Amino acid sequence: MIRCFEALSAPEPRLLILGSMPSVRSLELDQYYAHPRNQFWPVLSRLLKRPCPEDYAGRTDLIRSHHLALWDVVGSCRRPGSLDSDIRDPLPNDIPGFLATHPGIRGVALNGGKAFELYRRFFPELDLPVLRLPSTSPAYTLDVERKLVQWEAILPFLQE
């Protein structure tokens, strides 16, 4: 069994971004989206009109300073390698509990199809707006510019 990280959150987040489960590289480095070809940090930085931080401390500050929370739908599972299609025996994180303790969250953004599928399976009762976004994983080969256009949907959730 592999386990995901603790949630990374601003004190009063407005949007919860959920992946499926961290990659092997991310788990090795104990960092969200650590694979050098994952486009999460560059996409998020461009959307927020900030330089992409090179170090992980700067990346976590980007989350905390922009009313975001970052976590994964799956708390633990079996998975050889990093592919979402290989996830077996997934057990969910306590997303309802997280939302209850962060009442300012206005919506949930799902990073990729597997995160969306698992969220819908485990949490059909949750009544928040949900954004199904293209995966930032290097395994999902959609051009970064096209991903960026779709990821712009998170911006209204971050406004005052």
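The values are calculated or read from the model by the stated rules, or taken from the named source; none is laboratory data. This one's a predicted model, so the numbers in the text were calculated from it and none came from an experiment. Cβ sites come from the backbone with ideal geometry, for glycine too, and all protein chains shown count toward neighbours. SASA here: full protein model, heavy atoms, side chains in, ligands and nucleic acids out. Shrake-Rupley method; radii C 1.70, N 1.55, O 1.52, S 1.80 Å.
For the reader, a short list of remarks on this structure follows.
- Hey, Arg120 in contact (Cβ under 8 Å) with a residue 40 or more places away in the chain and open to solvent by 50 Å² or more (accessible area, probe 1.4 Å) or not: no
- Meets criteria (closer than 26 Å to Arg46 by Cα, of a type in the set (Val, Ile, Thr), out of contact with any Gly (no Cβ under 9 Å at 6 or more places or on another chain) and in contact (Cβ under 8 Å) with a residue 24 or more places away in the chain) for Ile105: yes
- Restricting attention to region 5-15 and to residues that are in a loop (DSSP other than H, G, I, E, B) and touching a Gly at 6+ places or on another chain (Cβ under 9 Å), the residue that is least open to solvent (accessible area, probe 1.4 Å) turns out to be Pro13.
- Count of region 18-50 residues which are more than 20 Å from Phe157 (Cβ to Cβ), touching a strand residue (DSSP E or B) at 6+ places or on another chain (Cβ under 8 Å) and assigned to a helix (DSSP H, G or I): 1
- Test result for Arg46, at pLDDT 95 or above and of a type in the set (Lys, Arg): yes
Listed here are the residues, each with its yes/no results for (1) modelled with pLDDT under 95; (2) touching a Cys at 6+ places or on another chain (Cβ under 8 Å); (3) among the polar types (S, T, N, Q); (4) farther than 17 Å from Leu133 by Cβ.
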| position | (1), (2), (3), (4) |
| --- | --- |
| Ile2 | no, yes, no, yes |
| Glu6 | no, no, no, yes |
| Asp30 | no, no, no, yes |
| Leu68 | no, no, no, no |
| Ile87 | no, yes, no, yes |
| Asn93 | no, yes, yes, yes |
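- Looking at region 51-160, the strands (runs of 3 or more DSSP E) lying wholly inside it that each contain 2 or more residues that are farther than 13 Å from Ile17 by Cα sit at 74-78, 88-92.
- Figure legend. Inter-residue proximity from region 63-88: first residues closer than 23 Å to Leu44 by Cβ and in contact (Cβ under 8 Å) with a residue 40 or more places away in the chain, second residues of a type in the set (Phe, Trp, Tyr) and open to solvent by less than 40 Å² (accessible area, probe 1.4 Å), beta-carbon distance below 6 Å, spacing 6+ or different chains. Indicated pairs: Leu70/Tyr32; Val73/Tyr119.
- Considering Arg132, Arg64, Arg79, Arg88, the condition of being among the charged types (D, E, K, R) and open to solvent by less than 90 Å² (accessible area, probe 1.4 Å) is satisfied by Arg79 alone.
- Residue that is nearest to Tyr119 (Cα to Cα), among those in region 16-61 that are in contact with a His (Cβ under 7 Å, 6 or more places away or on another chain) and crowded, with 18+ Cβ neighbours inside 10 Å: Ser23
- Identity of the residue in region 144-157, touching a strand residue (DSSP E or B) at 6+ places or on another chain (Cβ under 9 Å) and modelled with pLDDT of 95 or more, that ends up surrounded by the most Cβ atoms within 10 Å (Cβ to Cβ): Trp151
- Region 98-117 - residue that is more than 23 Å from Pro36 (Cα to Cα) and of a type in the set (A, V, I, L, M, F, W, C) and, of those, most open to solvent (accessible area, probe 1.4 Å): Ala100
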